[in-house]
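Quick note: the coordinates plus some simple rules give every number you see, no bench work behind them. In this text, all values refer to a predicted model and were calculated from it rather than measured experimentally. Methodologically, a virtual Cβ is constructed for each residue, glycine included, from the backbone with ideal geometry; neighbour enumeration extends over all protein chains shown.
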Amino acid sequence: LALALSRPRGEDNIISEEEAAQYDRQIRLWGLDAQKRLRGSRVLLVGLRGLGAEVAKNLILAGVKGLTLLDHEQVTEESRRAQFLIPVDADGQNQAQASLERAQLLNPMVEVKVDTDAVESKLDDFFFRFDAVCLTRCSKDLMVRVDQLCASRNIKVFCGDVYGYHGYMFSDLGQEHHYVEEKPKVVKGSNEANDGPEAKKRKVDPNETTMVKKTISFCSLKEALEVDWTNEKAKSSLKRTPADYFLLQVLLKFRTDKGRDPQPDSFAEDSQLLLQIRDDVLETMGLSSELLPNTFVSYCFSEMAPVCAVVGGVLGQEIVKALSQRDAPHRNFFFFDGLKGSGVVDYFGSK
Amino acid sequence: MRCYLDESYTIFSTIYANLIGLRKELADSLSSCRVLVVGAGGIGCELLKNLVLTGFKNIEVIDLDTIDVSNLNRQFLFQKKHVGKSKAQVAKESVLRFCPSANITAYHDSIMNPDYNVEFFRNFQLVMNALDNRAARNHVNRMCLAADIPLIESGTAGYLGQVTVIKKGQTECYECQPKPTQKTFPGCTIRNTPSEPIHCIVWAKYLFNQLFGEEDADQEVSPDTADPEVAWNPADAAARATASNKDGDIKRVSTKEWARSTGYDPVKLFNKVQLFKDDIMYLLTMDKLWKKRKAPLPLDWTEIHQLESSQEEAFGTGLKDQQVLGVQGYAQLFHRSVETLRSQLIEKGEGAELVWDKDDPPAMDFVTAAANLRMNVFSMNMKSRFDVKSMAGNIIPAIATTNAVIAGLIVLEALKTLNSDFDQCRTIFLNKQPNPRKKLLVPCALDPPNPNCYVCASKPEVTVKLNVHKTIVQALQDKILKEKFGMVAPDVQIEDGKGTILISSEEGETEANNNKFLSDFGIRNGSRLQADDFLQDYTLLVNLIHSEELEKDVEFEVVGDAPDKAPAPSVPEEGKNIANGNKDSAQPSTSSKAAAEDDDVLIVDSDEEPSSSTMEASPESSNRKRKHHDADTDATASKRKRLDQQPADDDEDIIALD
């Protein structure tokens, strides 16, 4: 069992027997190249509550090179019951530290590290050592700052949160994200005399595929959150715009104003504030309060475990896609409504 | 939308803080209700985690399988040190570590064991499937109907997944819509005119069984002289057909006997069948076959080794298994694997049989080598061991994230179900890419029950077309009632006014009937049979239509069934075919997927060929007679226990109604 963490850094192209056996079922899905790229990637994950734990699990199982768990908060009974990595006797410890052991056991081949600092206190170059950064439970300002400084260095940026039955993820893969897609190979039809209309159709060989290279661009989080709704084009697209986008704006404002998310303990007070913020935010955007009916208040407290699982699954897979540069990324938001069971991908920002 | 927070709302601040979205009564019912999770694999692990974190307290989980290293990329409750142990048991232990107050019971067993009768199911308020094969799904479907317990059904394959809710009398049951059956290939394609690698792989698996395993009349490997294409006129074909039946394959001895007689000499095998020389030369004499097809080129052992060897360089950066060797390489691999398998056979003693297992290296080597040599004979590009293993072993690619999403959706549906909010329940599809309406997760309304469903209708009835003079009772039991209609232990009586018992589920009682033809019992066109499965509390009336005009290789047809579908992909989500279904079949389960044009996604049975650590029963296929296994005879507790396993099926097209 000599391998694992003593592998040389940089481009090592050989997949060990152990990796081949363990990753077999995913190599058969996304290919060996993608697995190798994953295996060379370092990811920063901020926030180890329900959503963070799900993302951590998904990335560790996928086989990234390293995952840094960053969280400055302490374990409380509530936070411990929200996720499955923290042991039962860990109340009072740092959340990331408490999650470390179980996280590492998910896959010994990944270097799992812990950082107990507050993310706000980190200097710019801290982020540069990663290939992808995933922010959960962060303030809007922090997310905008990190996004700005990372995207220009081709560091992939992801944000995500779960509020009750609702959840979202956002991604900024930079101005030029390159990836490949596997498409069926088009083969020329045979020269049979009586092909008829078939002859005109290009035959697709179901067994052969080819890799097609593509490039796509993403806008910044700042642009995505500061869409101008007053122009005619934006207004006409309102009908097809998920209300979740506005819910996100409200919740981010709440987080900025109160320094925390809505709490069950202060349900009455918080729900009042949420309604007020809803009115303010929509008014500032020049939009009607009706876009986000009052009922939203009932469904956005705390983190529902199954919603964390869904959002964490989609978010985890987007990070895998971006790092492996394989398959079209979702662009640029994913919103999940756990009451309806609907999950939509939508683009906000400059086209 | 009902508001979950009304005047009676009580805020949970201590224990169930993350249940804030739930009405008190619902939150209370979570801690008292009992749920059953069937399967502790990819979906099962994620589901157990979600259930306890959401507040479910009383959970029973059942799985017959043991842990394999290839599970570890997604079945996160297991670690390397657990390989070989019971999935249900280890899953329980892992969950208890982060939620010690959960009350979990684990069963290392098959859900089809008659111990789990209707009374057992009635203990639960909800059943959730986390299965990977159709047979078990059919069975649980019936048990839940019989017990009138809601069932949440789900499936994943690769990036795709699906969840749905089944409630007797309110929604479709799992069997309301006929599902496309496993794709199988006609005998003459396998034996005479293969045109795709998969045909060669199936042939190689048949060959394995003929040489080392349980011989099966439906798994012939030698040239088929009764191939309708061979003869010019029907009379000729009929004459050949009779000839081959009478002489047992035209004066050839059985493949196994012949092989034994040569001491399994690899060179002789190579040159014969088998393979690659004599039988091919025989095929060449059937010149009609090659008028429009490229003729096969026989291989000779000595000649191959005289050719300049085109040795591969060091395999570079790919997986070792992903190399494609040359003809010499596969000839050598054939040689080595035959010798190893021969020793295995000798070690096991007189009358021994080997069971093919994709994780047994010489067995996999043998199929890789034999299939590739045949591909070469028939001018196809050869395939790596990696690819052959996928096809031969029916491996479904799988990742953690798809299962995580689906398991999350299952719990959300579970919450609605416990609240009896069935009108809120949905079928939800997970796509790989958003549809034109931007949906990645597509919820669809549930359909009401099919009034003509042959399972959940009040008096289920079907019509089956077969030849009463050629169908034996055993085939009726195994291929029709068990495989096709999902019964586990059928009892059959003829509606002839006398209630003649044709089949009894009691071992041995009607054994004497097994090889008799249906017509021997006076069964003819228009006869009706009553088939019961008492465990499933299921009675099916079978109307028989006698026909002498069934297609070759087709033993029966269900009248009114949707035709077998192999939907053509218009915009395939992935370039590859997803292999799915059919746990133990020598036949593959390749399928092409319907495009996600709008909201179509396919629920998939992901049936792998089990590894040697789990496999007990012999391989089965939809095309051949099935071996009946009695679970009680499974001595080794650590191995996989199973009753009759039925081959799982293909993708099903589901149209979203949203």
So what J values fall out for region A:58-72 if you push phi through Karplus, 6.51 cos²θ - 1.76 cosθ + 1.60 with θ = phi - 60°, rounded to Hz, Gly and Pro as x?
5, 6, 5, 5, 5, x, 6, 6, x, 10, 9, 9, 10, 6, 9
Given Cβ point charges of +1 (Lys, Arg) and -1 (Asp, Glu) and nothing else, what value in debye, to the nearest 20, does the dipole of region A:224-298 about its Cα centre take?
280
Could you give the spread of the C-alpha atoms of region B:461-559 along their three principal axes, from largest to smallest, in whole angstroms?
35, 24, 24
Rounded to whole Hz and in sequence order, give me ³J(HN,Hα) for region B:367-375 from the Karplus expression 6.51 cos²θ - 1.76 cosθ + 1.60, θ = phi - 60°, writing x for Gly and Pro.
5, 4, 5, 4, 5, 5, 4, 5, 4
Any chymotrypsin sites (Phe, Trp or Tyr not before Pro) in region A:92-182 that lie in a DSSP loop and have at most 12 other Cβ atoms within 10 Å would be A:Phe128
Would you please give the residues with an amide H less than 5 Å from that of A:Ser41, counting only those at least 5 places away or on a separate chain, with H modeled from the backbone geometry?
A:Lys65, A:Gly66
Is chain A best put as rounded, prolate or oblate by its Cα gyration tensor, with a ≥ b ≥ c the root eigenvalues, rounded for a/c under 1.5, and otherwise prolate when a/b is larger than b/c, oblate when not?
oblate
Do any GluC sites (Glu not before Pro) in region B:432-522 lie in a DSSP loop with no more than 14 other beta carbon atoms within 10 Å, and if so, which?
B:Glu495, B:Glu506, B:Glu507, B:Glu509
How many lysine pairs does region B:463-529 hold where the Cα atoms are under 16 Å apart and the two sit 8 or more places apart or on different chains?
5
Using Cβ counts within 10 Å as a stand-in for footprinting exposure, how do B:Thr417, A:Thr295 rank, fewest first?
A:Thr295, B:Thr417
Measure up A:Lys185/B:Lys552; A:Lys113/B:Lys87; B:Lys294/B:Lys383 against 22 Å on the Cα-Cα distance and list the ones that go over.
A:Lys185/B:Lys552; A:Lys113/B:Lys87
Averaged over A:155-166, number of beta-carbon atoms from partner chains that fall within 10 Å:
1
Out of residues 5 or more away from B:Thr463 or on other chains, whose amide H comes under 5 Å of its own, with H placed 1.01 Å from N in the peptide plane?
B:Asn543, B:Val559
Per-residue Cβ neighbour rank within 10 angstrom, fewest leading, B:His469, B:His82, A:His166, B:His335:
B:His469, B:His335, B:His82, A:His166
Cα radius of gyration and Dmax for region A:41-127 (Å)
12.1, 35
What are the ³J(HN,Hα) values, in whole Hz, obtained from phi via the Karplus relation 6.51 cos²θ - 1.76 cosθ + 1.60 with θ = phi - 60°, for each residue of region B:214-221 in sequence order, with x given for Gly and Pro?
6, 5, 9, 4, 8, 10, 5, 10
May I ask you to sort A:Lys213, A:Lys321, A:Lys222 by Cβ crowding, counting other Cβ atoms within 10 Å and putting the fewest first?
A:Lys213, A:Lys222, A:Lys321
What is chain A's relative contact order, in percent, from Cα pairs under 8 angstrom and six or more apart in sequence?
20
Loop sites in region A:113-187: GluC sites (Glu not before Pro), DSSP, at most 14 other Cβ within 10 Å
A:Glu176
